[in-house]
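First the structure, in the form of structure tokens, and then the observations on it.
The values are calculated or read from the model by the stated rules, or taken from the named source; none is laboratory data. These numbers come from a predicted model, not from an experiment. Using ideal geometry, Cβ is built from the backbone for each residue, glycine included, and neighbour counts are taken over all protein chains shown. Accessible surface is based on the protein model in full, side chains and every heavy atom, while ligands, DNA and RNA are left aside. Shrake-Rupley method; radii C 1.70, N 1.55, O 1.52, S 1.80 Å.
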Amino acid sequence: MNREIYLDNSATTRIAPQVAELMMKIMTEAYGNPSSLHHKGIEAERCLREAGEKLAAILKADTGEIFYTSGGTESDNWAILSGARANRRKGNRVIVSAIEHPAVSAPAGILAAEGYEVITLPVDEKGIVRLDALKEALNDETVLVSVMLVNNEVGSVQPVEEIGKLIKSAAPEALFHVDGVQGFGKMQIHPKKLGIDMLSVSGHKIHGPKGSGMLYVSGNAKLTPYIHGGGQQKNMRSGTENVPGIAGLAAAAELAYDHLEEDRDRLYDLKGYFENELLKLPDVMINGPVGKDGAPHIVNASFLGVRSEVLLHALEDKGIYVSAGSACASHKRTESPTLKAMGLSKAASESALRFSFSAYTTGEELSAVLEAVSSLLPVLRRFTRR
């Protein structure tokens, strides 16, 4: 195979040319410190203001509810740790789902070590949070609930609006945080309509730059400052703003939402074709929701009899790049918490690969991947049996 085929877009995406061009222009022309009072500072500050207006319009939020971060991990950490600690007097219970990204589950573990009661919600076989378990877990002591919008490994889409209503009914004082990293740019997200108090977003998942992110914080939510110092971002996250990164994040978001329905429909068509063809192969199973029941850009499949890393590297030799799970944990040889929570067998979990698409993915590429997988599986299975 003469060209690369990149199907690891849930880990990171290629930056859009328009975004890279804008960032280069800012870095070389509007390079002033946005806190400076002279013209170059005013130029940079205008870039920040325009970015905020774009993002606020997409979320149907106020510009004062948007805070910029270094990415999804920082946004998640800020929301979980500061959200719980700022409201400690109201209660001691924190609720997260069993399929959260480590950027949520790790800070939840820190809170548990500090004495918080951390409840982990189970999911069904498709990776959807069990609402009956949430109803049972919510009480007057609940200060924070965190459930991701789209699971990064299997693409399950959580019923966020219904979860938000449950929280406001049973624990109205609790903050509702949503990790929107895999959903932002793939579906409409209006936090106020969905009952979301805090929403995490990352730029490099939507053809924006790495090191850029955002945390939406409702004007009604109480949150403690995360970084102290110069007083930037309303004293909530001090430090000179990453102006090129913030502008790049907003530009990438605008591109995604300008073509949202068109791109989503095309991705669902590609996903349906890819899943159907995979299931024609022997001993292959799809993990998580199929087709439009899940996110448009993620397919997780188990190739029974072949360890995931073996098939991953065999595909890599052909110029095809896929993932064995979350990019933040794929270097660790441990069972996926998401697949385990969904009840997959050890054999299915150890043979699972994630294929994730982007706006640049083509049907021709997927056909080439299917051909490669079809030719590799018999050989690798014979080798495994020996």
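A few remarks follow.
- Yes/no for residue 156 being open to solvent by 10 Å² or more (accessible area, probe 1.4 Å) and modelled with pLDDT of 95 or more: no
- Some residue of segment 300-309 being in contact with a Ser or Thr (Cβ under 8 Å, 6 or more places away or on another chain), surrounded by fewer than 20 Cβ atoms within 10 Å (Cβ to Cβ) and of a type in the set (A, V, I, L, M): yes
- Count - residues of segment 63-92 that are surrounded by fewer than 24 Cβ atoms within 10 Å (Cβ to Cβ), closer than 22 Å to residue 171 by Cβ and of a type in the set (Asp, Glu): 1
- When each of 100, 125 is tested for being part of a loop (DSSP other than H, G, I, E, B) and either in contact with a helix residue (DSSP H, G or I) (Cβ under 7 Å, 6 or more places away or on another chain) or open to solvent by less than 40 Å² (accessible area, probe 1.4 Å) (or both), the lone residue that passes is 100.
Listed here are the residues, each with its yes/no results for (1) in a helix (DSSP H, G or I); (2) open to solvent by 10 Å² or more (accessible area, probe 1.4 Å).
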{"site": "94", "(1), (2)": "no, no"}
{"site": "111", "(1), (2)": "yes, no"}
{"site": "119", "(1), (2)": "no, yes"}
{"site": "140", "(1), (2)": "no, yes"}
{"site": "144", "(1), (2)": "no, no"}
{"site": "148", "(1), (2)": "no, no"}
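- Single residue of segment 159-174 satisfying the filter (open to solvent by less than 50 Å² (accessible area, probe 1.4 Å) and assigned to a loop (DSSP other than H, G, I, E, B)) that is farthest from residue 221 (Cα to Cα): 159
- Pairs where the first residue, in segment 278-305, is in contact (Cβ under 8 Å) with a residue 40 or more places away in the chain and more than 27 Å from residue 256 (Cα to Cα) and the second is surrounded by fewer than 14 Cβ atoms within 10 Å (Cβ to Cβ) and of a type in the set (A, V, I, L, M), C-beta under 9 Å, 6+ apart: 285/279; 302/347; 304/347; 305/347
- Qualifying position, being touching a His at 6+ places or on another chain (Cβ under 6 Å) and part of a helix (DSSP H, G or I), among 56, 79, 20: 79
- Against the test of being open to solvent by 40 Å² or more (accessible area, probe 1.4 Å), closer than 30 Å to residue 90 by Cβ and modelled with pLDDT of 95 or more, the options 210, 193 yield a single qualifying residue, 193.
- When 275, 261 are checked against the criterion of being within 30 Å of residue 289 (Cα to Cα), open to solvent by less than 10 Å² (accessible area, probe 1.4 Å), free of Cβ contacts under 8 Å to residues at least 40 places away in the same chain and among the acidic types (Asp, Glu), 275 stands alone in meeting it.
- Under the condition of being under 18 Å from the mean Cα position of the chain (by Cα) and closer than 22 Å to residue 105 by Cα, the residues counted in segment 164-190 number 9.
- Segment 213-237, residues that are open to solvent by 10 Å² or more (accessible area, probe 1.4 Å) and small (Gly, Ala, Ser): 218, 219, 221, 229, 230, 231
- Residue 10 in contact with a strand residue (DSSP E or B) (Cβ under 8 Å, 6 or more places away or on another chain), in contact (Cβ under 8 Å) with a residue 40 or more places away in the chain, hydroxyl-bearing (Ser, Thr, Tyr) and more than 30 Å from residue 319 (Cβ to Cβ): no
- Some residue of segment 89-97 being at pLDDT below 95 and either among the basic types (Lys, Arg) or within 21 Å of residue 188 (Cα to Cα) (or both): yes
- Hits in segment 351-386 - residues which are part of a helix (DSSP H, G or I), surrounded by 15 or more Cβ atoms within 10 Å (Cβ to Cβ) and of a type in the set (A, V, I, L, M): 366, 368, 369, 370, 372, 373, 376, 377, 380
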